[in-house]
């Protein structure tokens, strides 16, 4: 077996880190490596955490991780921050709140920029989750800033999705993208020492009552003060309850199958894209087609069929 | 292949001044790099462990307390001990002229004092990054 792969399976941080870099850079070696990983995955529990900026997600994750470590579970964390669409650079600062975990050999933290390459982030996160899973992490936490579709897609990878809110943002709940509120399996209201907490909980509760009135499972709302570690035990309790619910209702299996389906579609998209854009002859073909589209000789749909015909033939 | 330069900006030791580190972090981000910031009061062990997990190409150390001869060199030594040779290490802060040759000899490839233009740091990293 390849040295890098056996390193990953051993849980060696340098091998894990290097393979993630290959994935992020969409290196040609990636698919060969990832093929060898898949059969070693499927054991980890995957938790997605999203919420508005400044809601204390990183601090919450740090506390959550501490609790899991007390239970003897190893933890992998993927902290995703936006890449600037202008410079292509990113400032990844989630680690600042997690540095006390830096020396724990059973915690692996990786910061990722969204990068914005074609189909890039989602498929990269699928791969990183597989890598951490194969490196025998019991718990994998994915942290995103809940602002857009990309984040919603990423959190779909998780078995349990937690949306973090804070009191006193006024009509924040209405302004949060509809999709983000709908993906919650658990709501967490952090910074619950704020006097406006009850009002915020009432707002979420009314939203939950509307969306869950015909469902057997009501989405729980947990109060936390991450900085003091308050409510973290309850949060873990709700995560476990949700996991049990998934198992009992056979939703777990269905959810994983959906995840693999989405992953497969992402890979097909990515490979098709690289087939189209990496091959010189096709590139020239596209250029001529573009000219024809511009001069109205043909339409984009016909052009697309021509390109796909060339690949599938 | 879409290779991005990843940089760890770290503040070792007992030094609460991170304005400079943050300005540099921003400049590197604006130059298209992915910058991971550790926050204050890091030990050399924490910095190297973070650099490993984040698989960075560059470590940028910032220190204004005067302990650079100990802490910068500790990081460089620890990298060597872990057999990590493909990470570029640079440093900045209040660093006396006469210390610079010693730091360079210890493996701090670039040392940037007050008044350094951010572009100079960006150029240095782009030119000297090892992989």
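Observations, loosely collected:
- Tally, over the stretch A:108-140, of residues that are within 9 Å of another protein chain (Cβ to nearest Cβ) and closer than 16 Å to residue A:45 by Cβ: 1
- Hits in the stretch A:59-112 - residues which are closer than 17 Å to residue A:133 by Cα and in a loop (DSSP other than H, G, I, E, B): A:72, A:73, A:74, A:105, A:106
- Residue ID - nearest to the other protein chains (Cβ to nearest Cβ), chosen from residues in the stretch A:67-80 that are in contact with a strand residue (DSSP E or B) (Cβ under 9 Å, 6 or more places away or on another chain) and surrounded by fewer than 19 Cβ atoms within 10 Å (Cβ to Cβ): A:69
- Subset tally (residues that are surrounded by 18 or more Cβ atoms within 10 Å (Cβ to Cβ), within 7 Å of chain A (Cβ to nearest Cβ) and in a helix (DSSP H, G or I)) for the stretch B:29-78: 7
- Residues located in the stretch B:11-28, provided they are in contact (Cβ under 8 Å) with a residue 60 or more places away in the chain, in contact with a helix residue (DSSP H, G or I) (Cβ under 8 Å, 6 or more places away or on another chain) and more than 9 Å from chain A (Cβ to nearest Cβ): B:12, B:23, B:24, B:27
- Leading residue by the ranking (nearest to the other protein chains (Cβ to nearest Cβ)) among those in the stretch A:83-107 that are farther than 24 Å from residue B:40 by Cβ and crowded, with 16+ Cβ neighbours inside 10 Å: A:88
- Only residues that are buried (at least 22 other Cβ atoms within 10 Å of the Cβ), modelled with pLDDT of 90 or more and more than 16 Å from residue A:246 (Cα to Cα) were counted in the stretch A:138-162, giving 5.
- Conditions (1) surrounded by fewer than 18 Cβ atoms within 10 Å (Cβ to Cβ); (2) in contact with a helix residue (DSSP H, G or I) (Cβ under 9 Å, 6 or more places away or on another chain); (3) under 22 Å from residue A:157 (Cα atoms): number failed by residue A:27: (3)
The values are calculated or read from the model by the stated rules, or taken from the named source; none is laboratory data. Remember, it's a predicted structure, so these values are computed and weren't measured experimentally. Glycine gets a Cβ as well: all are built from the backbone with ideal geometry, and neighbour counts include every protein chain shown.
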